[in-house]
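So the structure is just underneath, and the comments pick up after that.
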Amino acid sequence: MAPRRLLLVGEGNFSFAAALSETLDQNTRLIATCLQRPAELTGDPVARENLRYLRERGIDVRFGVDCTQLADVFELHDREFNQIYFNFPHCGRKAGVAKNRELLAKFFQSCADVLAEEGEVHVALCRGQGGTPADKPQREWHNSWQVVAMAALGGLILSDIYPFSCKAVPGYKCTGYRSQDKSFHVEGALNHVFTRSLPFEVSQPRIFRIKVGNQWFSFPEPEALVGKLNRGFLEAPSCHPIKTINEKLIAELGKAFPLKRLKCSFPLLPQEDASVLPFWNCDFLSAAFWISLHEDNSNSESLTGGTSQDVEDFLVSFSELSLPKNPGRDGKEEACEGTCGQAKVCLRPSLLVHVQDVIEVRDFLSGSLHILSGPVFQKCHILPFTMPAFHETLFILGFNQNLKDGCLQSLLDHLKGILDSLLTQTLLESSKLSSLVEFVLQSNGKDYTIHVKTHNFSPDCTEDLIIGSVTTSATSVIHKDQCFVFVSMNLDLLAMLVWCISDWRMLWTFDNRFLKNFVPGKIEPFKSHSLYPPCYVHDISFWIDEKKGFDELEFHTVARAVSQDTVISIQFLSRFQHPKTQQVSLCYRLTYQTCDKALTQQQVASMQSQFRKEIQQRLYVIPR
């Protein structure tokens, strides 16, 4: 086993190194460093005694080490530190917050050169300096050291934070306050633990290939859905919480109803006439992601410009590829442009488009619960609990019309009991509600939406979330004596509620640390590996052409695509009409924040600049 390597920087009197050395095992190597030269410490008796003690124990001590230039100090073979400690960093004397931010930024960037892949950087700061909500009281952001934003410059994220206790390291005396032999005020101090973030790269849309009859076609994934197609969260080897919650839901319903699980071999790309049910209407289609299929005559599996992936297993083989019509902005259909070898289709916005295919088969089993699960895709406004891609599970129950009321009520009662049981497992005692799940009757008098009231995301605020719907229908050509109930559930929202995952984007992370939170057979509150990520705010205003109109949904979709899902909020600020030209200008505020990666102000500024260009090209507006 390779030895564990610890690096201490910015040591003043080496009391921390001396105290820490007493706790180390034989497989740990400690290197203690300071910026001063040996001659500068000769007048400090505490430092002299600690240095004598460290040398007796064989600890490597180095002087004149600049913690902002660590790559210059350690050769390539001598890097890869498992933990780097910097206690109470300070530029000295009466340095202001700007100077100390600069110190932290350069330190974190330097750490990136010598930190092991799964290593940690520990930074202890006095009360309020860090600027995170963990500080009590929390300083205003502009008056803090903005530690999470400075760490992002080194590609690091805050993964843990806890009170710093001098009692935990007996003998430690922190000195250097304003470059004097005086202690810092450590009451309320916090230790911040940073780890490496996955690199924030500009993601290129992947190229997918599909087989339609005997012909292969290809298409790029929509920019707003990069990284969200073909993830396989519901497949057999997956241990993703979305699969776990789906299996729990199905297993519990299986105790009350016979089950028939349907393989999700339906198309991700339904044709225009995929369903004749009323759910499939212009409003539904206007929020769909439309894509163009192009003939692909290449024999190679790899296509130029991206990674080629076959999605044949998600598609039905169309005997003929027709050109569906695309709903225009006003809801009226307009012919999609198409050329030879090209067709325009859409990613399915809901599993409800498949119900007609299920209930029209002759061997449909009345009284059995038919189950279909899979990913769906919808354009949506950027809001905390709306998502462009999520996993849906659909329960279809058919029964004799004479038994309609009893069967429907039985299904709703069982579903409510199961959901209530799941949702109370991680609720805090103080936030438990008498009834979590409520079926709200719709205006048509027969359908329901499934609401959940919860404090899981904020102890001081009750969220009322719609996690599904219940729809009744008697439309079947073959089974005319049957009534049908369709229960649609948003598995992503349900998983968020059960495990207290506050950000839906975390479900789609590529960081392996996410799945380590979930122990088979146990449901415990989720602990994020990225705490208090920094927010960056940018305003944008532009002139619009009122005759052409302004598509706000597309505005949100472009923001989602350009920012790679880092825009978490779009707030309308104002509308201005020029008194002379009568031109109309709109102003919006965009808030950027990641949930799992390091994001810097410079990266956000680049995204904002690109966003201005994209809306000018796509939405025909003129940025101001």
Given the options T566, F510, V470, identify the residue whose Cα lies farthest towards the positive end of the charge dipole of the range 469-574 (+1 on Cβ of Lys, Arg; -1 on Cβ of Asp, Glu). F510
So, with points 7 Å from each Cα along the Cβ direction, the R589-R57 label distance in nm works out to 5.1 nm
Among beta bridges that DSSP assigns inside the range 4-196, antiparallel share in %, nearest 5: 45 percent
Would you pull out the residues with amide H under 5 Å of R62's amide H, same chain only if 5 or more places away, H placed 1.01 Å from N? A32, T33, C34
What is the mean projected area of the alpha carbon convex hull for the range 4-196, to one decimal in square nanometres? 10.2 nm²
How large is the Rg to Rh ratio of the range 14-79 when both quantities use alpha carbon positions and Rh follows Kirkwood? 0.98
What FRET efficiency, computed as 1/(1 + (r/R0)^6) with R0 = 30 Å and r the Cβ-Cβ distance, is obtained for D160 and Q69, rounded to the nearest 0.05? 0.65
Ratio Rg/Rh, restricted to the range 38-125 and using Cα atoms, in which Rh is the Kirkwood radius: 0.99
Work out how much length E438 to Q401 would gain on full extension: take 0.36 nm times their residue separation and subtract the Cα-Cα distance, in nm to one decimal. 10.8 nm
Given the Cα-Cα distance of E40 and S410 and 0.36 nm per residue of separation, how much length would full extension add, in nm? 125.1 nm
Gain upon complete extension [Q26, R4; 0.36 nm per residue less C-alpha separation]: 7.0 nm
Karplus 3J(HN,Hα) series, Hz, for the range 40-55 with 6.51 cos²θ - 1.76 cosθ + 1.60 (x for Gly, Pro): 6, 9, 5, x, 10, x, 5, 5, 4, 5, 5, 5, 4, 5, 5, 5
Return the distance in nm (one decimal) between the two label points of a simple spin-label model at A95 and A168, each offset 7 Å from Cα along Cα→Cβ. 2.4 nm
Would you work out the charge dipole size for the range 4-196 about its Cα centre, treating the Cβ of every Lys and Arg as +1 and the Cβ of every Asp and Glu as -1, and quote it to the nearest 20 debye? 620 debye
Treat each spin label as a single point 7 Å out from the Cα along the C-beta direction, and report the S574 to T386 distance in nm. 2.5 nm
With viscosity set to 0.890 mPa s at 25 °C, what whole-number translational diffusion coefficient in µm²/s follows for the range 535-623 from Stokes-Einstein and a Kirkwood radius over Cα pairs? 181 µm²/s
Residue pairs, from the table K260/K522; K94/K173; K228/K597; K136/K522; K211/K243, whose Cα atoms sit over 25 Å apart: K260/K522; K136/K522; K211/K243
Which of the trypsin sites (Lys or Arg not before Pro) found in the range 538-599 are in a DSSP loop and have at most 16 neighbouring Cβ atoms, other than their own, within 10 Å? K547, K548, K580
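None of the figures in this text is laboratory data; all of them are computed from the coordinates on show. Just so we're clear, the structure is a prediction, and the values are computed from it rather than from any experiment. Heads up, the Cβs are rebuilt from the backbone with ideal geometry, glycines too, and the neighbour counts pull from every protein chain shown.
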